Amino acid sequence: MACSATLASYQLSDCFSSRGGVKAVWVASFVEDGFTLTSAGTVSGFATGVTWYKQDLHRNLASLTSTYNYDDSTKASYVSTEATWQYLKMQKESRVQMNALAKGDLMAVVEDANGTYFALGVQEPVKVTSGTGESGTDRGDRNAYEVTVTDYNEDYPPILDAAAISSLPA
């Protein structure tokens, strides 16, 4: 059966399997107009001078959540998107990275488990809104730093096209 979208239900069917999770995250210092948007609303490239840093992620330890928010009394609406990931093992390098992220205005690109790349920081800087360091009580418990960055945008995060994806560092 062909892939179809029904406007009445917004239900995509028979298109592909859908997996949860995040495969990769890249961060950069925020630059005004740092993403090049097409008329279709996709990201086709980045501003000159933007340097992306790929974060060291492990499987099943990162997530991306976008939430539409609306206030009827003010008629204000926006989408907040949170990307959360962990740096396993609380060590010097991880602590230094956590501190650097927390002090900066950021842009981010998040690749989900389906191979879709999302742009965060298109309209305003992405900020670290939460960070924790945790070592459990048992030998098998988690020992990690966890960071959450939050993006606020008028719409859900735009998706990168093939040209933008190919310009990210491996």
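Would you call GLY45 in contact (Cβ under 8 Å) with a residue 24 or more places away in the chain, open to solvent by less than 70 Å² (accessible area, probe 1.4 Å) and more than 19 Å from ALA170 (Cα to Cα)? Don't jump to the end; show me each part of the working.
Numbers: in contact (Cβ under 8 Å) with a residue 24 or more places away in the chain: yes; open to solvent by less than 70 Å² (accessible area, probe 1.4 Å): yes; more than 19 Å from ALA170 (Cα to Cα): no.
No.
For segment 59-96, which positions are part of a strand (DSSP E or B), out of contact with any His (no Cβ under 7 Å at 6 or more places or on another chain), in contact (Cβ under 8 Å) with a residue 12 or more places away in the chain and among the aliphatic types (A, V, I, L, M)?
Matches in segment 59-96: ALA62, LEU64, VAL79, ALA83.
Any residue in segment 127-141 that is part of a strand (DSSP E or B) sitting within a Cβ distance under 7 Å of a residue that is among the small types (Gly, Ala, Ser)? List the pairs, counting only those 6 or more apart or interchain.
These pairs meet every condition: VAL128/ALA102; GLY131/ALA102; GLU134/ALA144.
Is it true that some residue in segment 101-117 is within 29 Å of THR48 (Cβ to Cβ), in a strand (DSSP E or B), in contact (Cβ under 8 Å) with a residue 40 or more places away in the chain and β-branched (Val, Ile, Thr)? Break it down stepwise before answering.
Here is the first cut: in segment 101-117, the ones within 29 Å of THR48 (Cβ to Cβ) are 101-112, 115-117.
This time we only want the ones that are in a strand (DSSP E or B), so: 106-112, 117.
Subset that is in contact (Cβ under 8 Å) with a residue 40 or more places away in the chain: 106-112, 117.
Next, only the ones that are β-branched (Val, Ile, Thr) stay: 109-110.
Yes, segment 101-117 contains a residue that is within 29 Å of THR48 (Cβ to Cβ), in a strand (DSSP E or B), in contact (Cβ under 8 Å) with a residue 40 or more places away in the chain and β-branched (Val, Ile, Thr).
In the set ALA100, ALA119, ALA76, which member is within 17 Å of VAL22 (Cα to Cα), among the small types (Gly, Ala, Ser) and open to solvent by less than 70 Å² (accessible area, probe 1.4 Å)?
Numbers: ALA100 fails: within 17 Å of VAL22 (Cα to Cα); ALA76 fails: within 17 Å of VAL22 (Cα to Cα).
Of ALA100, ALA119, ALA76, the one residue that is within 17 Å of VAL22 (Cα to Cα), among the small types (Gly, Ala, Ser) and open to solvent by less than 70 Å² (accessible area, probe 1.4 Å) is ALA119.
Test of understanding: among GLN55, GLN11, which residue is polar (S, T, N, Q), open to solvent by less than 40 Å² (accessible area, probe 1.4 Å), touching a strand residue (DSSP E or B) at 6+ places or on another chain (Cβ under 9 Å) and modelled with pLDDT under 95? Quick ask: steps written out before the conclusion?
Working: GLN11 fails: open to solvent by less than 40 Å² (accessible area, probe 1.4 Å).
Matching residue, one of GLN55, GLN11: GLN55.
Which of the following residues is open to solvent by less than 50 Å² (accessible area, probe 1.4 Å), at pLDDT below 95 and of a type outside the set (A, V, I, L, M, F, W, C): SER66, SER94? Working first, answer last.
On the way: SER66 fails: at pLDDT below 95.
After applying the criteria, what remains is SER94.
Which condition does GLN86 not pass, out of (1) within 14 Å of the chain's Cα centre (by Cα); (2) surrounded by 12 or more Cβ atoms within 10 Å (Cβ to Cβ); (3) within 25 Å of VAL43 (Cβ to Cβ), if it passes all the others?
(3)
State all residues of segment 135-153 that are under 23 Å from GLY104 (Cβ atoms) and either among the acidic types (Asp, Glu) or surrounded by fewer than 13 Cβ atoms within 10 Å (Cβ to Cβ) (or both); if no residue qualifies, say none.
If we filter segment 135-153 for residues that are under 23 Å from GLY104 (Cβ atoms), which is where we start, we get 144-153.
Listed by number, the residues that qualify are GLU146, ASP151.
The values are calculated or read from the model by the stated rules, or taken from the named source; none is laboratory data. Fair warning: this is a prediction, and the values are worked out from it, not measured in the lab. Positions of Cβ are backbone-derived with ideal geometry, glycine not excepted, and every protein chain shown enters the neighbour counts. The area values use the complete protein model at the heavy-atom level, side chains included, leaving out ligands, DNA and RNA. Shrake-Rupley method; radii C 1.70, N 1.55, O 1.52, S 1.80 Å.
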